[in-house]
Every structure is written in structure tokens, then in C-alpha cells.
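Only one structure is covered here, and it is reproduced in the block below.
The values are calculated or read from the model by the stated rules, or taken from the named source; none is laboratory data. Keep in mind that this is a model prediction, so the values were computed, not measured. FYI the Cβ positions are ideal-geometry reconstructions off the backbone, even for glycines, and counts take in every protein chain you see.
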Amino acid sequence: MDYGLRFKTALQRIDDENAKDPRITSNASQPSELLYSQWLTDWVLRLCPEASEALLLAARSQHICRWMIPRSSYEMTRVGYLTWRADLKKFHARKSGEILAEAGYSDDFISRVQTLNLKLNLIQDPECQTLEDALCLVTLQYQLSDLMMKTEPEKMIGIVQKTWKKMSAQAREEALALPLSEAESDLVKKALSKN
């Protein structure tokens with residue numbers, strides 16, 4: 001799907017920002033957030049091949065420059081975690097808005113992308129649900145193994161259960177078809193059997 005030069009310009013600017021991530025993925029040797037944004041965009045397109053311009057830009061910018069606000073800069077408590085997550089959402093929305101304004105998008109369009117970045121109206125907004133589904137599927141497909149290595153098994157069951165609850169029926173079907181390792185697959189089965 002081709003949305004024109006303005007879209008390509010914005011996408012490139014977002015990618016350029018994410019390419020500055022100093023954290024490099026071990027398996028793909030790419031900046032982490034650049035790779036993450038590509039995975040997320042791929043999942044959005046897989047779930048919704050006719051995804052709108054706003055949804056695609058929201059997906060690409062969902063974690064833009066995330067490394068700039070490290071988790072360690074907040075208290076290592078539940079409240080600290082939730083505050084960090086809320087501040088990140090606002091930061092990503094602001095950053096995406098700046099880039100989209102530079103690319104020439106209208107205030108209304110920018111507001112729509114930011115609404116998706118902030119995941120407002122999740123229950124009522126199908127595009128927001130698609131973005132949430134894509135986020136969950138990226139976690140299950142690409143991040144589950146790393147999470148399992150650094151998280152207690154019982155806590156992991158809770159993480160998978162919470163992830164599952166956020167997903168639509170379509171996303172759950174996709175999740176069950178993922179090529180997970182035996183350990184990952186066992187974890188998902190355990191989590192779902194306790195739901």
C-alpha cells in the first residue's frame with residue numbers, strides 16, 4: 001500500500017530515530033527499537049492488510065526512542081513501573097507528533113496517531129485493538145524466550161495470562177500458530193490451562 005511521499009518521509013524519520021538505539025539485538029545485529037518497530041508494523045499488516053496510514057505510523061512509532069527513558073530511572077516498584085509505562089506512552093506520542101508535523105500532516109491526523117500511541121479507547125476502537133494485538137504477538141513471538149530467562153516461572157504464567165486477555169480472538173488464533181520452542185509452548189499451555 002502506497003500512501004505517498006509524506007508517509008514515506010515520516011516512516012524514514014521514525015526509522016532514523018529508532019536506528020540511534022545503542023542497544024543492538026544479538027540475533028539480528030540491528031538497533032533494538034528499529035527491529036521492534038519493523039516487527040510491529042509487520043504484525044499490524046498481517047492482522048489488517050488494509051491498515052490505515054495512521055495505524056501504520058502509530059505502529060512504527062509506538063516505541064520510538066524508548067531507550068531514552070530507561071526503566072532504571074524509576075523506582076523498582078509496581079508504582080514505579082506503572083509510572084514509567086505511562087510516561088513512555090506520552091513521550092512516544094509527543095515524539096511521533098513532532099515527526100508527523102515536520103512531514104506536513106494535519107493536527108487532526110497527528111491527534112489520531114497519538115490516540116493510537118496512547119492506546120485510548122482500546123475497547124471501542126478496532127485500530128487500537130489491532131495495535132494491541134500486534135504488540136502482544138511481538139512479545140510472544142520474539143521476546144518470550146528472553147523474558148523466560150529472567151523471570152520466575154509463576155510470574156511468567158501471569159504475564160502470558162495478562163497478554164492473552166488483551167488479545168482479540170483473531171490474535172489468539174495467530175498466537176496458537178506461532179512456531180514457539182517447546183519451553184515457550186509449554187508455558188503458554190500452562191498459562192491457558194489456569195485461565
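Name the single residue, out of those in segment 61-78 being assigned to a helix (DSSP H, G or I) and more than 24 Å from GLN12 (Cα to Cα), that is nearest to the chain's Cα centre (by Cα). Among them, the one singled out is ARG71. Can GLN161 be described as out of contact with any Ser or Thr (no Cβ under 8 Å at 6 or more places or on another chain), part of a loop (DSSP other than H, G, I, E, B) and polar (S, T, N, Q)? When the stated conditions are applied, GLN161 does not pass them. Within segment 146-184, the residues that satisfy the criterion of being at pLDDT 95 or above and among the hydroxyl-bearing types (Ser, Thr, Tyr) are THR163, SER168.
Applying a threshold of 7 Å to beta carbon distances and a minimum spacing of six or more residues, or different chains, the list of pairs starting in segment 5-29 at a residue that is among the hydroxyl-bearing types (Ser, Thr, Tyr) and ending at one that is part of a helix (DSSP H, G or I) and buried (at least 17 other Cβ atoms within 10 Å of the Cβ) reads THR9/ALA103; THR25/SER32; THR25/LEU35.
Residues are listed down the side, and each one gets a yes or a no for (1) outside the structural domain of LEU116 (by TED's automatic domain parsing); (2) closer than 19 Å to GLN170 by Cβ; (3) touching a Leu at 6+ places or on another chain (Cβ under 9 Å):
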residue: ASP15; (1), (2), (3): no, no, yes
residue: PRO22; (1), (2), (3): no, no, no
residue: LEU35; (1), (2), (3): no, no, no
residue: TRP43; (1), (2), (3): no, yes, yes
residue: CYS48; (1), (2), (3): no, yes, yes
residue: GLU75; (1), (2), (3): no, no, no
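Being touching a residue at least 60 places away in the same chain (Cβ under 8 Å) and under 19 Å from the mean Cα position of the chain (by Cα) is not true of GLN161. Restricting GLU33, GLU102, GLU75 to those that are crowded, with 19+ Cβ neighbours inside 10 Å and either touching a helix residue (DSSP H, G or I) at 6+ places or on another chain (Cβ under 8 Å) or not aromatic (Phe, Trp, Tyr) (or both) reduces the list to GLU33. Every condition in (1) surrounded by fewer than 20 Cβ atoms within 10 Å (Cβ to Cβ); (2) free of Cβ contacts under 8 Å to residues at least 40 places away in the same chain is met by GLN141 except one, and the failing one is (2). Consider segment 116-129. How many of its residues are buried (at least 24 other Cβ atoms within 10 Å of the Cβ) and polar (S, T, N, Q)? Qualifying residue count for the region: 1.
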